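Below: the structure, in structure tokens.
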Amino acid sequence: MPKRYHQFWNSRRGAGRPACAPLSTRNPAMPASLCHPNPPSRRQFLAGAAAFGLSACGGGGGEAPAAPPGIHSFVAEPVAVGEPARLTATFTGGTGRIEPDIGPVQSGVPVSTPPLAAARQYTLVFEAAGQPAARRTLELVPQYRNRYVALATPLPLQYHAAVNALDGSVIVIGGSRGMSTTSEAVDRFDPATRQFTRIASMATGRTGHTAHRLPDGRILVLGGQVSLATAVQAELIDPVRGTVTLAGRLAQTRNRHAGVTLDDGRVLVVGGFWRDSVELWDPASLSFRLVPARMRHSREFPSATLLADGRVLIVGGDHVDDVDVPAEVFDPRTERFEPVAAPVDAPLRYFHKAIRLADGQVLILGGERRDGLAPPAPLASVLRFDPATQTLTSAGALERPRSLVRGVPRPDGSVLMFGGDGPGDAATASAGRYREGSGQALGPMPAGRAWHTVNALPDGRVLILGGDAPDGSPSGGGLIYE
């Protein structure tokens, strides 16, 4: 018998005392004080021994005390841009719900969020009787997988336009679609199915045009080339009804121009080949009107960016004049141009990208240097425009020189860029991210392309369509960056 059970037996038997026999049979020589009057039965002994053993091992004593009501954990698995996140909450003694989007949840049961395009906060709210609600918050920051998914497009695309529609689809307009043909096609790309569908046709095919979404969702298409001539007639696309109507004639022919939709629904058309003028399109009268004031010089391939106060920042553009004015601001209310202060060494640029940030400032990214008779060269430099001081200042550099810049802004203030021309005037497959003064290389596309279009999709992924291959031929198909 183990020692501890022997000790227990002795304690129950009276320190080893034998059981007391009846007086008639008891040994008279044994004092009554040395015998145990009530010895335990075998069942009592085994039960007591078990209890003694559990006590010696630290067990027994009933169930462990219950955890107090409250939140124990709220966690998420890593999530990629455009995909749902999985959240798991554990809690006891009450009920839980996750805000926003999800609602009531069970402890320990994973739930999924909608697809995440950008950083988003979710809060677990725990409620129990007799105590205030408790909260725990997670910030989910989805990351790109840094890969490309190939799309099957109906035909190769060059010199087309692509506009984000109000419903999240992308409207692809005109361009050259193989065999040097100028297309009048209007197609819709559906991000959910990743399919292209023909929805309408313009009156004539065109290339090198611009397309501008109006507040009501219609799209104004203007300028560019029609066969060997410059297009004068504008057209208005209704992507909901699938119709195209004529929308007036430009006051001057425009090619290699820029345009922007104003807050009141009018469209400002800026510059173009040998043009120092701007004109305004009125949606009420479907007509264009030439503005009397002129820019400081002609601007070919400039950028035009709507500012938060309703004015328009016009930057760069190639020209043949003797004076270089890097930028100016047009005020639609006064129809006058205002000067912009710029660094003395800031080169005049074109083929750049201008993007307005959430704080109202504007980034001018890359482009091509115009420097007299010197060969054109792509730029890596970045400028920042501050509307409050109306100045351009240096803002660091891209990860590499890049012209024909195509990119999209991200909610975190960064800009993603894909392709364009690099050194040697060759279409590049490179991609990069610019943020807070510096550039970072992303995974390259499968092949180089320039003159393509880049559109942000509602789920945060990026649509890349068409363009020129490095040998100048049409770049086949499209890509989704995710």
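Between ALA150 and ALA129, what is the FRET efficiency for a Förster distance of 51 Å, r being their Cβ-Cβ separation, to the nearest 0.05?
Values: r = 56 Å, r/R0 = 1.11.
For R0 = 51 Å, the calculated efficiency reads 0.35.
A crude spin-label estimate for the pair THR197 and ASP216, with each label 7 Å from Cα along the Cβ direction, gives 2.3 nm.
If the chain between THR181 and LEU138 were fully stretched, how many nm would it gain, using 0.36 nm times the residue separation less the Cα-Cα distance?
On the way: separation 43, 0.36 × 43 = 15.48 nm, distance 5.28 nm.
This chain segment gains 10.2 nm when fully extended.
Given a Förster radius of 45 Å and the C-beta distance between LEU290 and LEU166 as r, what FRET efficiency does 1/(1 + (r/R0)^6) yield to the nearest 0.05?
Working: r = 30 Å, r/R0 = 0.68.
Efficiency, rounded to the nearest 0.05: 0.90.
What FRET efficiency comes out for SER438 versus SER227 if R0 is 41 angstrom and r is the Cβ-Cβ distance? Round to the nearest 0.05. Mind showing how you got there, number by number?
Working: r = 45 Å, r/R0 = 1.10.
Computed FRET efficiency for SER438 and SER227 comes out at 0.35.
Taken about its Cα centre, region 245-304 carries a charge dipole of roughly 240 debye when the Cβ of each Lys and Arg holds +1 and the Cβ of each Asp and Glu holds -1.
Thinking of the chain as a set of Cα atoms, what percent of all their pairs are more than 33 Å apart? That fraction is 52 percent.
Inter-part distance, region 237-255 to region 293-353, computed on C-alpha centroids, equals 26 Å.
Give me ILE364, ILE98 sorted ascending by neighbouring Cβ count inside 10 Å, so fewest comes first.
Working: ILE364 28, ILE98 20.
In order of increasing Cβ crowding within 10 Å: ILE98, ILE364.
For THR92 and LEU246, the difference between the fully extended length at 0.36 nm per residue and the C-alpha to C-alpha distance is 48.9 nm. Treating the angle as unsigned and between 0 and 90°, give the value, to the nearest 10°, between the Cα long axis of helix 42-57 and the longest Cα principal axis of the chain. Result, in degrees: 40. Only Lys, Arg, Asp and Glu carry charge here, each on its Cβ (+1 for the first two, -1 for the last two); on that basis the chain has a dipole of about 3080 debye about its Cα centre.
Relative to the current alpha-carbon distance between ILE102 and GLN390, full extension at 0.36 nm per residue lengthens the span by 99.2 nm.
Computed from the coordinates by the stated procedures, all read-outs in this text should not be read as laboratory data. Predicted, not measured: the structure shown is a model, and the values here were computed from it. Cβ atoms come from the backbone with ideal geometry, glycine included; neighbour counts cover every protein chain shown.
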